[in-house]
Structure formats: structure tokens, C-alpha cells
1. Restricting to Cα atoms and excluding each atom paired with itself, what does the Kirkwood estimate give for region 5-175 in Å?
2. What is the P(r) of region 327-741, as percent of Cα-Cα pairs per 10 Å bin from 0?
3. Using a Förster distance of 56 Å, how high is the FRET efficiency between residue 326 and residue 104, based on the Cβ-Cβ distance and rounded to 0.05?
4. For a paramagnetic label modelled at 7 Å from the Cα of residue 226 toward its Cβ, which residues of region 259-287 fall within the zone defined by backbone nitrogen distances under 16 Å?
5. For the chain, what does the relative contact order come out to in percent, with C-alpha contacts under 8 Å and a separation of six or more?
6. Stretch residue 207-residue 178 to full length: gain in nm at 0.36 nm per residue minus the Cα-Cα span?
7. Quick check: Cα centre of region 793-828 to Cα centre of region 729-748, how many Å?
8. Suppose the chain between residue 157 and residue 703 were pulled fully straight at 0.36 nm per residue; how much longer would it get relative to their current alpha carbon spacing?
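Throughout, read-outs are computed from the coordinates displayed, never taken from laboratory work. What you see is a predicted model, and the numbers here were worked out from it, not measured in a lab. Note that we place each Cβ from the backbone using ideal geometry, even for glycine, and neighbour counts take in every protein chain shown.
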């Protein structure tokens, strides 16, 4: 008789009442068949905390025994847990968002078929499924992790309970941002008339004149280039071919129909261009390669997305165009989660299409170091990998729901060759890559990697080599907690080895830029959100304070000291420093004296503009103090916020409850305070000075405002599909405001001028721009339709006019096109919006 040894031993242990899960197969079985779920109880509390729970539903053949055992459940939770409502378990924070649950002596166990809940309270509120992270895992005495199968998914419904009560989806009991239901969505659908024959270019040119008639591109057209425009010619040829237009590149002057690309000093600004479309000649004249490239994009923008009968016709227009701002940027965080080189290249391609010219690439943070630095392999060997290793000698601790194994969105980096390829790809599209190495805070990945390097060199007896690039003082007893719940993420700014590290990293990145032919003239050094208390008990820093000739006399001087030292390193290499606003300030109202910082130019991202917090004038404070400023306003330009006030929408909501495409479109960068519409709690802003109890500083140096930039932080974004949905179509509205100053901006988004612009923008979006994104397999967000009940019939309405509506009578199993059918409300009824191959989230009526 053959006996399954593992099952026999397990059965015997159950019979004798063992208090342990002994075998690896037990944990594997438990993880496969038991379920972990999270739920919100209530956000309503006078203590500023919300109540939620973790539930274990044991559907496995393994009982979780009573009493203290050697198992632990690890889960990710982005809020700070302060109170555990149980004396049966311990719940501790490991680092960041990683928590560990372990049983106590009086743990009551979880038999097969039973459920067990642990309730806890956390700081703030939670009103979105995105705050609950996947990949919960259990670890036994062997130390091997096993992920609960139901949490190993991006389908949050598999591991969360519904958020459907006011105390769950409202952040507090006076929250004025109400839940967007299908009924509310119906009433709030964009009010605009679409023009299916719209003649438009996005972003809108400074001047455009339209003639009668259309030009047929399906004849024998040729592209004629002047010297140095080979890429622009080949790019235009490829894009026209994609649209069904066959063109050849020629040097011949005898071609009857030509598209001529020319650089001329008659166009004075380097990014300006002129586009002239006639029946037998199309001419693009730019002030530089960049101007020609933007003229090419405007020509392509006029090409229709659909070509009936195979004919490609464009309007005869004359365009004189120049950008509103020199800085038209997009920030992309690849440190929190890494989506691969392809995601970056796809973003750059679309940025070029919409005339954006700065890619701010967030390469490092607490959760990952994403660029190879020759000579410091630990930065990517360890700092670019997340797994379950409590010693962190092989990888960083798992964070942000990526789980205990490698090969996930928490792991990965750009090789030197990858980065050079990205730089060249961007340069061809006139996009400058701004690399960010975030420090001194947000630097845990670097610190852990250099600690591992220290241990490796020390084990070889090389103490000097071990300390060469060390970023932390082993004797430092400082206590602090960062915004993201880290207690060890600030590099020590008082150590010489810190600046050897900075110099080494800057040197290697500069070499990559040189090899790519794209000079590095701006380095972003982060600087934001340093935990209060960092360096306070560092002996090395105390030695610096004690020096008689030191300009640093206390902890409050250290951030400015660090910026001064880093800027000096950069300046010696001909590089200007850029940083987040708070990284360049002593406090919320006081910038570092610009004289402390080396170099003629220092650039600040002004981001923190929550209106009632009294810091929304930092952009103007910094500009008036001599800093160049890029407006990065979190209330309007952070694309990691949800599209609407609904728990199904991905994203955090710390600066605003939502940011839809119209909010980005209606942003008025020339008058920052005019954008103060609603508080974080949703109340209308009547008087900004009264709201924040301060007189906001007026801008006296408008020439210091370089432009605007969209931001995408990726804490909740683990796939490339999710990245693109969060960016598009908001990036298109960003490009419109960065390039074009609308006439209505001086009066705000009211009246016929705004309505006309908005309708024209939406028409172009639906008729041309989104279909073209779809044709190129670029994902974008499609808002769910609104629904309204009239009698016993459901009427749907698309939020963006012109989208198709589909409905299902079997909860989404099958779909059919809606076209004025009689549809009766049932629990199984679902609707969704569609544009091309992309669809919205299905929604049903509230019954």
C-alpha cells in the first residue's frame, strides 16, 4: 500500500491537536484555498482615523491552529495603522507599507470553513479600492513565502469587500465630494456639441487660416527635405504610410506634388514653424529641427483617423505657430513600480506627437533604483529588486503590493544601453530627458544597496572600500518616520562618502548623456519630504556642528547644506540643479538663499497647492526669490489622482478628490490662484486669503515661470496598461494648455469663448485623437456612461459626447450595441462606453 507521506503526517498532526502548521505543503495548501479579504468599516471618526479589517476565510483542508505559532501573514497597507482591536494577534509595521500579522498565545485559531477578522484603525481615510494592495502572503518557520491565490491579481474585487455605504466612500462625514453614481454621471456629462467635420490641430496653433476645399493626399506625393532633416522626413513618411498614404522621399525638384521640409532663419524662434497646405505643395518651415518636427505633427494632426473609400483628404490651411511655454513637461515615476523600457518609449512617442518637450524621469526612490551605475552593481542588483528578504542583502523588502517574489513590477531597471537608447529616441523627438536621483529623503533603495555593499566589502576585510560610498552612519540613532512610513530612508548628509556617491552617480549619468549625444544640463535631485528628526542624533553630524568654522550649526541647516554641496558637484560639470519645491526651502514660506546654491540657474517644481494649507503661493515665492519654476500643481496636474469620485477609480486623493480631463483643460497657468475652485473637503473657495488665513504672495517675476508639467506617481500603478490609462487622455489636455494660451483664460472657464474651445477640443478628441491612440494600441481611460431612469426604461448617456454605448442583460457576459432600445432596469443590466477597441468599466443602475 502506497501512503502519501505528507497527507498522512498532516492528518496525524490534526488528530493529536498540534498547535503548528508544520509542513511547507500545509502553507501551500492554505495559500491556494484560503482567502484574504480587506474591507472598510467606516471613515467617520472624531479621532481622524478610519476603521477597516483583514479577514481570513479558511476554505482549505488545513486548520490554522490555536495559540502562538511560527506563521506570519504579510500584507501591504498604505495607511499608518495605529490601533489593533484584538488581543489575539500582533500587528507590526516592518517598513513602508509592509505589515506583519502574527498570532499570540490566546489566538483562537481558524478552523476549516471558518472566517476570522482582525479590525484595526489607521490614520486618515480610505475611499478607494486602490488603497488595498494585492499579493498577501504567509510565511512559516521555513521562511518560505506563499501568496494567497485570491490576492494574486489586479482584480481588486477578488480580495476586497464592496465599498458602497456613505461611511465607506466618503472620506469624512462632511465630505462635499459626493459619490459619482451612474445617475449623477448622467447629469454631469460634458455639455458640448461635437463637430464631426472639425478642422483642428491639438495643441491649438497660435494662428490658423482655412481655405476652401480639401487636399487629396492619396495621389503621388513626395517628401523633399533640406539638409539635416532625415529623421523628420522618414518619420513623416512612416506616419503617413500608417494612415494609408504612400509617399516617397526624394531630392528631385521635378516632383509635381511635394511636401517640403525646411529650416530657415526667417522663423526666428527655434520651436516655431509655418505650415502651408496647397493643392500641389505642402511646405513646413521651422526655426530649427524642432520647429520642423512640430510642423510635421500639425500636418499629421489634420489627417483623419478614418479614411472612407481609401481617400485621405486634409483641409487647405495656413498655420503660423509658436509655443506658449518653453517647458512643456511630463513626469513619470518608474521607481515605485517599473513597467519596462517599452512604456517609456511609448510615452515619449506620444509626447512628441503633442509637442511636449521635457520628460522628467523619476529614476530612484525608496522602493527602487532603476538605472545601472557602472562600478556600483548593488544599486540595481539589490536596489532594483523587491522580494521577501528581511535582511535585505539580496533585494529590497517587498512594497506596494508586488509580493514576495522577484520578476514583478517592483523589480527591474534600465541598463546603461537602455538609457542611452531612450535618450536618443527622445532627442529625435525634441524631448529633453531630465533624470531624477531623489535625495536626501526618498533614498532608501540607495541606502540599503550601499549598506549591502558595505557588508560585502567588510567581509573581505576591505574597510576602506566598504566605506567609500556608504550613505548611512552606523552610529546614527535618529528617529523619524517619512510620509510613506519609512524610518531609514534619508541618506546622511554629513558624511564625505555621501558626496563621493553623488559625484560617482552624476559622472556616470553624464557619460550616458554624452554617449547618446544628448548633453546633460539639468539634474533633478528631488529633495522633498525628508522625515522630521533625520540626522538629529547622528554623531557625524554633531561633529560637523562642532567645527568652529562650520556654517552649519544645527539640524535645520542640513538640508540647505546638502543642496549647496550637490549643486557644487553638478556645477563643476556644467549641470544645473532642479528640485521639488520643499527640497529648496527651510519651511513653507522661506526658500534657501539662492546664493547658497552653485550655478546661475536653479529650477523648482511647485507642486503642493492644496488651497487651504497656505502653501499654494510657493511657486510665486520661489520665482520672486530668483528660482526658475515649473508649475506642477497637484490639484490639477497630478495624473495619479482618480478621474472621478468613485471608489472604483484608481489613484490616491491626497490633493484633490478627482482630476478629470476638463479640470486639466481648464487649468489657467498664468494666474495660479484663479484655479482655486474647491477645498480638499469639497467646499467652494470664495476667498483664498481668508481660506488659508494669509495674504498670498503676488508674482513679480513672471519671466521665471518656465512652463507646466504633468506628474504620474505610480504607487498604485503596477501594469503598463494602467500607466497609459492614467496618462491618457489627460496628457492631451496638458499639451493644449502648455502650448496654447486661450482667450478665455483671463476670465476663467465661463462663457461662449470657453464653451467653443471646449467643444472644439472634445470634437477633435473623439473624431481624431483618441481613435488614433486606439489604432496605435495606446490605452486610454474611457469614462463609464451615465444612466437615468424614465418610467420603466433606462437611458444611458456618454460622459464624453460621441462615444458608443453597449449594454448587457447578463452582467457582462455578452454585449450588444445600444441604439434607442427599450431597456428595463434589472440587477443583471450593465452598460459601458466604447471608443474603438477600448471600453469603460461596466456600470448598472442603482436599484
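1. 16.7
2. 5, 22, 33, 27, 11, 2, 0
3. It comes out at approximately 0.35.
4. It comes to 259-276, 282-287, nothing else.
5. 11
6. Taking residue 207 through residue 178 to full extension adds about 6.3 nm, to one decimal.
7. Cα centroid to Cα centroid, the span is 33 Å.
8. 191.6 nm
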